[in-house]
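I have placed the structure first, in the form of C-alpha cells, so that the comments after it can refer back to it.
The values are calculated or read from the model by the stated rules, or taken from the named source; none is laboratory data. The structure displayed is predicted, hence computed values, not measured ones. When we count neighbours, we look across all protein chains shown, and the Cβ atoms used for this are built from the backbone with ideal geometry, even at glycine.
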Ligand code: AMP
C-alpha cells in the first residue's frame, strides 16, 4: 500500500510518499513560497535531491506539481497515480468533533470548515490541500489526522478555562492542545522500546520551534501545555507561552497597539527571540550564551526552567511519572537542554546520565542511569509515519 502524507501550511506544502510494506519512504520534499516570488520545490527520492523552481500560485498548483514530479521519469518513483492508494492530511485544529483520525467525507469537510474559526491561520491551507487532492485524485480515499485529536481525552477540569462557562458553550473556548500526533507517536514508541505496558505514566516533551509537554497516562493524553491556540505553555522560539493576560491589556494601553499588534507580539516577537534579542534558533542561542551574551543565557534559563516546571506539574497531575521523552528539534538534538531541563529532578526518581546524553543527536537513546526509577529517553518524532499508519488503518477498514 502506498500512501502520500500532505502537510499544507500558509505558504508551504510538505509531503512524503510511503510504501507501507516496510514502511519505507519512497519520496519526500516540500514546496515553499507558495503564492510568492521565487517559489520552489525541494524533492528527494532514490537518494537524489533536487530543487526545482516554478511559479506556484496556490496549494492546488503546488500539489499538482508534486504529483507530476512523483511520476516523472527523471525524479519520480511511481509509474502512475493509480499506485497511490490513499492520502493522509495533517490538519491543525479538529475542535471537539475529532477525537481520532477520520476518513474525509463531505460531512467531515463541513465540520472542518466550521472549526476554521478556531484556527484561522492553519485550517484554511489544510482544507486547500484536501480540496486540491479531491479534485486531482478523485477516486483516492483521504484521511485527516488532527493535531488536537490525541488531547481530546483530557478531563474537563484540565481543559476548561476558569472564565464564564457561557464562553465555552457559545464559542467552544477551552484548551485543545497541539502536536498531538507527535506526542502520540513518541509515547507509543517509548512503550515499544522499553517493552512496557500502556499503564505507564509518560511525560512527552516536544521541544522545537513550537514546544509543548503532554502527560500521557494509560496511553491517553490527560493534560498538555498548549491551549485554545498554540501560544500557551512553554517558552518557544517566538511565542511567549504562559503569561498573565493582564500583561497584554497593560501593554496594549501603554504602547497603544491593537488586537492584531498584540497577537503578533505574543506569537512572533516573544519567546527565546524576544528575551534574547539574538535569535529564536536554539543553536544560535547556545552559541551566543557560550560567548557570554547574558540575555541569551537568560532566555535559555527561562526555556529550561519552564519545561522543568511542567514536568513537575504533570508528575503531580498523574501521581507520578515512569518515563520522560524528549523529541522535536531541540529535544532530539540539544544535549544541553535535556540536561538543564532534568537538572534537580532526582527527587522524582530521575537520575540523569550525562555521559549517555552527551552529543546524542536525532537517535533513540535512553539517557537516564540504569538504576534510575524514571527513564529519560530521546525519541525522534515521526508525525508523517503516524499519519500514514492511521491512513492505512482507516482505509483498510473502509
Ligand atoms: P523543529 O521546530 O522541531 O524543527 O526544531 C527547531 C529547533 O531545533 C531550532 O531551535 C533549532 O535550533 C533546534 N535544533 C536543531 N538542531 C539542533 C542542535 N544540533 N542543537 C541544538 N538545537 C538544535
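Please work out which residue is surrounded by the most Cβ atoms within 10 Å (Cβ to Cβ), limiting yourself to the stretch 354-367 and to residues that are under 22 Å from the mean Cα position of the chain (by Cα) and within 13 Å of the ligand (Cβ to nearest atom).
Of everything passing the filter in the stretch 354-367, 360 is surrounded by the most Cβ atoms within 10 Å (Cβ to Cβ).
Working carefully through the options 262, 257, 202, 193, find the one that is modelled with pLDDT of 95 or more and crowded, with 22+ Cβ neighbours inside 10 Å.
202
Could you please find all residues in the stretch 268-277 being within 15 Å of the ligand (Cβ to nearest atom) and not in a helix (DSSP H, G or I)?
Of everything in the stretch 268-277, just one residue is within 15 Å of the ligand (Cβ to nearest atom) and not in a helix (DSSP H, G or I), namely 270.
What number of residues within the stretch 194-218 are over 16 Å from residue 177 (Cα atoms), in contact with a helix residue (DSSP H, G or I) (Cβ under 9 Å, 6 or more places away or on another chain) and in a loop (DSSP other than H, G, I, E, B)?
Number satisfying all stated conditions: 4.
Residue check: is residue 351 more than 16 Å from the ligand (Cβ to nearest atom) and under 22 Å from residue 191 (Cβ atoms)?
Yes.
Mind listing whichever residues of the stretch 278-312 are within 16 Å of the ligand (Cβ to nearest atom), part of a loop (DSSP other than H, G, I, E, B) and farther than 18 Å from residue 212 by Cα?
278, 279, 291, 293
Kindly indicate which of 327, 342 is in contact with a strand residue (DSSP E or B) (Cβ under 7 Å, 6 or more places away or on another chain) and more than 12 Å from the ligand (Cβ to nearest atom).
Sole residue among the options that is in contact with a strand residue (DSSP E or B) (Cβ under 7 Å, 6 or more places away or on another chain) and more than 12 Å from the ligand (Cβ to nearest atom): 342.
Looking at residue 115 and the list (1) buried (at least 21 other Cβ atoms within 10 Å of the Cβ); (2) over 30 Å from residue 213 (Cβ atoms), which single condition is not satisfied?
(2)
Pick out, from the stretch 1-52, the strands (runs of 3 or more DSSP E) lying fully within it that include 3 or more residues that are under 18 Å from the mean Cα position of the chain (by Cα) and surrounded by 21 or more Cβ atoms within 10 Å (Cβ to Cβ). Walk me through how you get there before you give the answer.
Values: elements: 2-8, 13-19, 24-32, 40-45.
Strands (runs of 3 or more DSSP E) meeting the threshold: 2-8, 13-19.
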